[in-house]
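Undergrad: What follows is a structure written as structure tokens; I'll ask about it next.
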Amino acid sequence: MNHYLYKQFYRNTAYMISLLILLLAGLGSIYTGKKFLDRNEDIVSKSASYQKKSLDRNIALHSDDIGLLLYYVKFNLVNEMPEMAALNIGVRDLNPSIRGVTIRNLEEQKNNSDFFNPANAAAGNFDLSFVLVFLFPLVIIAFCYNVISEDQEKGTWKLLSVQSNNLGKLIDFRLLIRFVAIGVLYILLIAVAKFYTGIPVSIWFFIFILTGLLYIVFWFALCRWIIGFQKSSSWNALALVIFWISINFIVPMTGNLIIQNIYPAKEGLKAQIEQREGYHNKWDEAKTPTMQKFFKIYPQFSRYKIDESSGYSYTWYYAMQHLGDVESAESSRQYHLEMQKRNNAAEYFGYLLPNIHTQLTQSSLAKTGMDNQLNYAEALKKFHEKQRLYFYPYIFSNQNAHSIDWTKQTVRTFTDSGNINPWKIFLPYFISIIILIILSQNKFRKLC
């Protein structure tokens with residue numbers, strides 16, 4: 001009987017064509033991911049050369065005016081992109097993986113390039129995670145929706161009842177054959193991706209693979225429950241497709257609207273307005289109060305005195321630049337906090353829906369999610385402050401550009417260490433799968 005079931009499945013032309021299409025879609029997504037990695041690596045590799053050329057050009061033009069020189073020069077911070085990003089691009093195609101900032105106010109530079117765009121978080125990419133989350137379930141549905149109903153509609157169900165002592169085991173074996181076919185295809189795609197994109201073997205990679213397998217198991221458990229009702233093939237197919245549409249489109253879009261209403265994150269625009277007003281108003285204010293506020297923040301620079309009657313001063317100019325950021329700091333902090341709350345809410349929402357949980361987990365493992373962007377934003381802030389504090393003494397003391405060792409000003413890289421919480425990753429899968437198996441098992445006891 002088992003041998004017959006194997007031959008019945010693998011001789012089905014429609015099934016083989018479905019697997020072939022899924023394979024081609026997976027290979028296409030891997031190719032897309034590799035091209036994305038290559039393009040990013042090309043940009044990062046060129047950034048070092050570009051930064052050096054920019055420095056050399058500005059040093060040649062403004063070597064005697066260090067304040068003017070540093071007005072133009074940008075310093076780059078790379079958000080390191082692991083090879084696993086080829087499997088899940090996440091929001092990396094919407095947010096730059098390298099940022100260049102001057103030592104002037106940071107808040108305006110962030111918002112000018114739209115460092116955070118919460119609406120983009122819902123956008124998808126044609127990567128392997130997309131194929132897994134959206135296309136694999138459709139093939140699983142096509143394989144499983146008529147496992148029981150086909151025999152009932154053909155009139156061979158009673159014959160099977162006579163030939164088999166345990167119809168439940170027979171149906172499970174049919175499902176197992178289909179699971180093996182889908183699982184082998186998934187592992188094959190992972191293997192191709194590993195060698196084609198050069199993904200290193202790590203605990204992160206193994207967890208990535210396991211989340212995909214658990215997601216596939218979830219869909220087979222769901223199909224097992226639905227077909228256990230012993231309805232018609234059309235009913236089973238319709239129920240499964242409606243569920244697929246609901247959890248992939250209707251529920252996520254509704255959830256996204258709810259999250260945006262709960263956490264509106266309006267402080268991003270408010271921070272930009274406050275920064276610009278805080279900076280521009282300083283032109284019409286006395287220099288002394290500005291410098292006093294600046295020296296209170298950085299007492300190590302208090303020896304650089306500014307006479308109120310003096311003309312234009314780069315010491316005062318860069319001080320008021322920073323105070324623009326200071327005056328918008330609370331709104332900026334609130335914006336970051338709201339974005340973090342949005343990200344956390346999406347994670348909690350994902351605990352109820354395996355498709356969202358899979359996407360968020362795999363993007364977190366690949367360092368391509370919103371959590372990575374939030375961490376990068378904090379790293380950029382620290383990088384900007386480090387650059388400012390390094391160059392302030394040269395500007396305030398009116399030193400020549402040649403007194404600075406510019407060879408130290410290389411492109412820096414931010415590495416997101418991240419963390420792994422196995423309970424948060426695997427428990428939602430286990431709970432949903434166990435519940436579906438228990439529900440379907442009750443149905444399978446009634447098979448006759």
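The values are calculated or read from the model by the stated rules, or taken from the named source; none is laboratory data. Since the structure is predicted, the reported quantities are computational estimates derived from the model, not experimental observations. Neighbour counts run over all protein chains shown; Cβ positions are idealised from the backbone, glycine included. In case anyone asks, the SASA skips ligands and DNA or RNA and just uses the protein heavy atoms, side chains included. Shrake-Rupley method; radii C 1.70, N 1.55, O 1.52, S 1.80 Å.
Undergrad: Report whether or not Leu352 is of a type outside the set (Gly, Ala, Ser), in contact with a Leu (Cβ under 6 Å, 6 or more places away or on another chain) and not in a strand (DSSP E or B).
TA: no
Undergrad: Quick check: is even one residue across region 372-386 open to solvent by 20 Å² or more (accessible area, probe 1.4 Å), within 30 Å of Leu94 (Cα to Cα) and in a loop (DSSP other than H, G, I, E, B)?
TA: no
Undergrad: Within region 2-18, how many residues are under 27 Å from Ala193 (Cα atoms) and surrounded by 11 or more Cβ atoms within 10 Å (Cβ to Cβ)?
TA: Count: 4.
Undergrad: Still on this structure, please answer the following. So, of the residues in region 199-222 that are among the small types (Gly, Ala, Ser) and under 20 Å from the mean Cα position of the chain (by Cα), which turns out to be surrounded by the most Cβ atoms within 10 Å (Cβ to Cβ)?
TA: Checking each candidate, the answer is Gly212.
Undergrad: With the requirement that a residue be part of a loop (DSSP other than H, G, I, E, B), under 12 Å from Asn146 (Cα atoms) and not charged (D, E, K, R), what does region 229-266 give you?
TA: Matches in region 229-266: Phe229, Gln230, Ser232.
Undergrad: Between Asp64, Asp38, which is in contact with a helix residue (DSSP H, G or I) (Cβ under 8 Å, 6 or more places away or on another chain), surrounded by fewer than 18 Cβ atoms within 10 Å (Cβ to Cβ) and charged (D, E, K, R)?
TA: Just one listed residue meets the conditions, Asp64.
Undergrad: Being surrounded by 16 or more Cβ atoms within 10 Å (Cβ to Cβ), part of a helix (DSSP H, G or I) and either more than 36 Å from the chain's Cα centre (by Cα) or of a type in the set (Val, Ile, Thr) (or both) is true for just one of Ile21, Ile59. Which residue is that?
TA: Ile59
Undergrad: Then there's this: Looking only at residues that are in contact with an Asp or Glu (Cβ under 9 Å, 6 or more places away or on another chain) and in a helix (DSSP H, G or I) in region 72-109, which one is surrounded by the fewest Cβ atoms within 10 Å (Cβ to Cβ)?
TA: Glu108
Undergrad: Shifting gears a bit: Please pick out the residue among Lys296, Lys305, Lys287 that is open to solvent by 30 Å² or more (accessible area, probe 1.4 Å) and modelled with pLDDT of 90 or more.
TA: Lys296
Undergrad: Could you list, ordered by first residue, the pairs with Cβ atoms under 7 Å in which the first is in region 141-158 and touching a residue at least 60 places away in the same chain (Cβ under 8 Å) and under 13 Å from Arg224 (Cβ atoms) and the second is of a type outside the set (Gly, Ala, Ser) and part of a loop (DSSP other than H, G, I, E, B), at least 6 apart or interchain?
TA: Final answer for the pair search is Ile148/Gln230.
Undergrad: A further question follows. Have a look at Phe143, Phe130 and point out the one that is in contact with a Gly (Cβ under 6 Å, 6 or more places away or on another chain), surrounded by 15 or more Cβ atoms within 10 Å (Cβ to Cβ) and modelled with pLDDT of 85 or more.
TA: Phe130
Undergrad: Do the conditions hold for Gly183, that is, is it under 21 Å from Leu19 (Cβ atoms), surrounded by fewer than 18 Cβ atoms within 10 Å (Cβ to Cβ) and modelled with pLDDT of 95 or more?
TA: Spelling it out, Gly183 is indeed under 21 Å from Leu19 (Cβ atoms), surrounded by fewer than 18 Cβ atoms within 10 Å (Cβ to Cβ) and modelled with pLDDT of 95 or more.
Undergrad: Another question about this same structure. Counting just the residues of region 405-439 that are modelled with pLDDT under 95 and among the small types (Gly, Ala, Ser), which one comes out surrounded by the most Cβ atoms within 10 Å (Cβ to Cβ)?
TA: If we take residues in region 405-439 being modelled with pLDDT under 95 and among the small types (Gly, Ala, Ser), then Gly418 is surrounded by the most Cβ atoms within 10 Å (Cβ to Cβ).
Undergrad: Can Ala319 be described as open to solvent by less than 50 Å² (accessible area, probe 1.4 Å) and over 30 Å from Tyr429 (Cβ atoms)?
TA: For Ala319, the condition - open to solvent by less than 50 Å² (accessible area, probe 1.4 Å) and over 30 Å from Tyr429 (Cβ atoms) - is met.
Undergrad: So Arg342 passes all but one of these: (1) surrounded by fewer than 19 Cβ atoms within 10 Å (Cβ to Cβ); (2) modelled with pLDDT of 90 or more; (3) of a type in the set (Lys, Arg). Which condition number does it fail?
TA: Here Arg342 clears every test but (1).
Undergrad: Out of (1) surrounded by 17 or more Cβ atoms within 10 Å (Cβ to Cβ); (2) hydroxyl-bearing (Ser, Thr, Tyr); (3) under 26 Å from Thr102 (Cα atoms), what's the single condition that is false for Ser363?
TA: The one condition Ser363 does not meet is (3).
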